[in-house]
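Asker: After the structure tokens below, expect a handful of questions from me.
Taken together, the values in this text are just the output of simple stated rules run on the coordinates, not laboratory data. Note that this is a predicted model, so its numbers are computed, not measured. Note that we place each Cβ from the backbone using ideal geometry, even for glycine, and neighbour counts take in every protein chain shown.
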Amino acid sequence: MLVIGCDHGGYELKLAILELLRERAVECTDFGTDGSDSVDYPDFAAKVAAAVSSGDAESGVLICGTGIGMSISANKFPDVRAALVHDEFTAKMAREHNNANILVMGGRVLTPDQGKKFVEIWLDTEFAGGRHQNRLDKITAIEQQIIER
Ligand code: RB5
């Protein structure tokens, strides 16, 4: 299951992404926000990242104005690898090298077509594993050290 969330700056792009997910029959839960009224992005990042961190959701998509606030917030959660992407290359690498389990985008940066394309690339790319898995293991080890501190 995929979970998705946004703030007011990401709402329009989220509608386009939801349409794509429906077309692709991807099982999805939308944690809001549900309009263009001003809200606080950490509230929505926390809902999506908590679901991914706990394993309740396999992956997530987060969208704010720039994508920056959502990335900062989501990456506080253990086992979350939230990647802010800007183009087709970073969308592909987010999966292939980083095995990002949350894709983050900026609703005020991208067009709806760009955002949909980046989600498709991220969904359709395989994690390369190997040396990249070693690097992810090092991130997990850092998290563990911080948790035990
Ligand atoms: C909201 O105005 C804006 O700050 C937010 O959407 C996001 O860009 C934060 O990183």
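Asker: Just to check I understand the Karplus step: with θ = phi - 60° and J = 6.51 cos²θ - 1.76 cosθ + 1.60, what whole-Hz values come out for the stretch 55-69, glycine and proline as x?
Answerer: Along the stretch 55-69, the couplings run x, 5, 10, 6, 7, x, 10, 10, 9, 10, x, 9, x, 6, x Hz.
Asker: Additional query: Amide H to amide H, which residues 5 or more places from Val104 or on other chains are under 5 Å from it, using H placed in the peptide plane?
Answerer: Leu62, Ala83, Leu84, Val85
Asker: In whole Hz, with x marking every Gly and Pro, tabulate ³J(HN,Hα) for the stretch 73-83 from phi via Karplus 6.51 cos²θ - 1.76 cosθ + 1.60, θ = phi - 60°.
Answerer: My calculation for the stretch 73-83 gives 5, 5, 6, 6, 8, x, 6, 8, 10, 9, 10 Hz in order.
Asker: For the stretch 1-105, what's the relative contact order in percent, using C-alpha pairs closer than 8 Å and at least 6 residues apart?
Answerer: 30 percent
Asker: List the residues whose amide H sits under 5 Å from the amide H of Val3, counting only those 5 or more places along or on another chain, with H placed 1.01 Å from N in the peptide plane.
Answerer: Residues meeting the amide H criterion: Thr29, Ser59, Gly60, Val61.
Asker: Residues in the stretch 16-30, backbone N under 12 Å from the label point at Asp56 (7 Å along the Cα-to-beta-carbon vector): list them, ranges by number please.
Answerer: Under cut-off, by backbone N: 29-30.
Asker: Oh, and also: Suppose we keep just the DSSP beta bridges with both residues in the chain; what percent of those would be antiparallel, to 5? List each step's numbers first, then the result.
Answerer: On the way: 0 of 16 bridges.
Antiparallel bridges make up about 0 percent of those DSSP assigns within the chain.
Asker: Which value results when the Cα radius of gyration for the stretch 1-116 is divided by 2.2 N^0.38 Å? Show your work: numbers first, answer last.
Answerer: Details: Rg = 12.4 Å, N = 116, 2.2 N^0.38 = 13.4 Å.
Dividing the Cα Rg of the stretch 1-116 by 2.2 N^0.38 Å gives 0.93.
Asker: Still on this model: How much net charge surrounds Leu15 when only the other residues with a Cβ under 12 Å from the Cβ of Leu15 are counted, with Lys and Arg +1 and Asp and Glu -1?
Answerer: Every neighbour counted, the sum reads -1.
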